[in-house]
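The values are calculated or read from the model by the stated rules, or taken from the named source; none is laboratory data. If you're wondering where the values come from, they're calculated on a predicted model, not measured in any experiment. For the accessible areas, the whole protein counts, side chains as well, though only heavy atoms, and no ligand, DNA or RNA atoms are used. Shrake-Rupley method; radii C 1.70, N 1.55, O 1.52, S 1.80 Å.
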Amino acid sequence: MIMLLTHADAERRYSQIRKIALKAVSNQVSPNLKLDFKLIDKNALNACDKWSFSSNRLVDWDWNDGYASFKFRYPKGLN
């Protein structure tokens, strides 16, 4: 996929906003919950593979392939 300059700029700006938001949330959450707020990365996507065979899974969506397309199309999204 070819990324236009305006798209690349939007991705850069919104990525920075997401990082600020994650830091703000981390500062508000009780430290004894031991939650780690991060952007969706390869590790998170690989963890989704563990849900593939869960009987509790209601919708089958390929996070590894589908997420890349979604992230590219919607740079403002929580990705």
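Per the 1.4 Å probe, what fraction of the accessible area of the chain, in percent, lies on carbon and sulfur atoms? Ligands and nucleic acids excluded, carbon and sulfur reach 60 percent. Normalised radius of gyration (Cα atoms, divided by 2.2 N^0.38 Å) for the chain: 1.31.
On a per residue basis, the chain carries 86 Å² of accessible surface, using protein heavy atoms and a 1.4 Å probe. Cross-link check: pairs 50/71; 38/71; 38/76; 19/42 evaluated at a Cα-Cα cut-off of 19 Å; pairs beyond the cut-off: 50/71.
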